[in-house]
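Working notes, beginning with the structure itself.
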Amino acid sequence: MSTPEETFQVLDRIPGIKTLRFEPLARHTRFGIGGPAEVFAEADRAVAFVRALELARSSGWPHVVIGGGTNLIISDEGFPGLVLRFTGKRLEADGETVTAQAGAMLQDLVDFSIGRGLRGLETLAGIPGWVGGAVYGNAGAYGHSISERVSRARIHDGAAVRDIDNAACNFRYRESVFKRSKAWIILEVTLDLTPAPREELRAAAERIVTTRNEKFPPEMKCAGSIFKNLLLAELPGAVAAQVPQEVVREGKIPAAWFLEQSGAKGLARGGVHVASYHANLVYNDGSGTARELRELIADLKARVRARFGLELEEEVQYVGFSST
Ligand SMILES: Cc1cc2nc3c(=O)[nH]c(=O)nc-3n(C[C@H](O)[C@H](O)[C@H](O)COP(=O)(O)OP(=O)(O)OC[C@H]3O[C@@H](n4cnc5c(N)ncnc54)[C@H](O)[C@@H]3O)c2cc1C
């Protein structure tokens, strides 16, 4: 294994790569939490990014690819290796097909598609983060997920760049093959959309963004929902029987309902708080730490376990902890 200094020097010589030593990762997460990356590197050209990725692989040095940092909890100690970002933002349309590089903002992709009178992504309006992160977590809202429109993803699979189809992405609710095969990195995605009146799509997106901004004020240091919702079909009968019919939406029960019944609203640990109006929303008041976040999340899980015998699963992703 190469030393960090050797890896840094080789990386720094790749044309098109920007590298930083000990970059505070709090600058790159919406929570505003996270210690330094030993090396932080980004590239907006796929060729340079892939070279950096392959160097990281061959050096045997720990590395992780992040996007916009809107769904991340990064340890207070930071990351003892290389944190990589692909910042390529190209968006292209060919008839009803749109191709987006992984570093494009999801909102820019939504606006681009709406601008071309293409339906399929408008319910994702207002979800922060980048396209790669959205595909990784199969982002979605209002009954639709990005997976419904993905026809192809260009990935680096740990050995080479190749294209995979929707089936190979193995999408499920907030799940994809990328969560389980961490060596698979998304470079670009192609989406098949449907023609529709622009004004109708724009109005739908604007309504959604207005509602979202009330729930998640743009300056709030958070990750959206901390936990995944629960699929009604997968709940033990005795638990399902306790859930009022009116809280079930598209076959799912919001994790917020279980959390609320378990007394989560308004709980706090140091500088991190559960919102008083939404039990699945945890935010940093500016003084919070990753340790406090982890403790509060563990408390929330323990409460739901004790009250319902259910294990909540985080939607948020961890970086820099011993298991990651
Ligand atoms: C206010 C707010 C509201 C939100 N609302 C929603 C919502 O309604 N629905 C929803 O689904 N999500 C929601 N989220 C969560 C988040 O915005 C999405 O999960 C988003 O898609 C994450 O993208 P990102 O670029 O920020 O990824 P990051 O947070 O940077 O990374 C998330 C994960 O993706 C991996 N990753 C990132 N890029 C790549 C890549 N190119 N290849 C492989 N792996 C990669 C990272 O390693 C990490 O594990 C919300 C978040 C916030 C802050």
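The values are calculated or read from the model by the stated rules, or taken from the named source; none is laboratory data. Remember, it's a predicted structure, so these values are computed and weren't measured experimentally. With ideal geometry, Cβ positions are generated from the backbone for all residues, glycine too; neighbour counts draw on all protein chains shown. Calculation scope for accessible area: heavy atoms of the full protein, side chains included, ligands and nucleic acids excluded. Shrake-Rupley method; radii C 1.70, N 1.55, O 1.52, S 1.80 Å.
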State whether one or more residues within the stretch 164-178 are open to solvent by 40 Å² or more (accessible area, probe 1.4 Å), part of a loop (DSSP other than H, G, I, E, B), over 24 Å from PRO128 (Cα atoms) and touching a residue at least 40 places away in the same chain (Cβ under 8 Å).
no
For residues that are under 23 Å from GLN242 (Cβ atoms) and without any contact (Cβ under 8 Å) to a residue 12 or more places away in the chain, tally how many sit in the stretch 274-300.
0
Sort out which residues of the stretch 273-299 are under 21 Å from LYS179 (Cβ atoms) and open to solvent by less than 30 Å² (accessible area, probe 1.4 Å), and write them in order of number.
ASN280, VAL282, ALA290, LEU293, ILE297
Pick from the stretch 109-139, criterion within 11 Å of the ligand (Cβ to nearest atom) and among the small types (Gly, Ala, Ser), ranking: surrounded by the most Cβ atoms within 10 Å (Cβ to Cβ):
ALA134
Condition check for VAL161: open to solvent by 50 Å² or more (accessible area, probe 1.4 Å), β-branched (Val, Ile, Thr) and either modelled with pLDDT of 95 or more or under 19 Å from the mean Cα position of the chain (by Cα) (or both)
yes
Checking GLY69 against (1) at negative phi; (2) near the ligand (Cβ under 10 Å from one of its atoms): exactly one of these is not met. Which one?
(1)
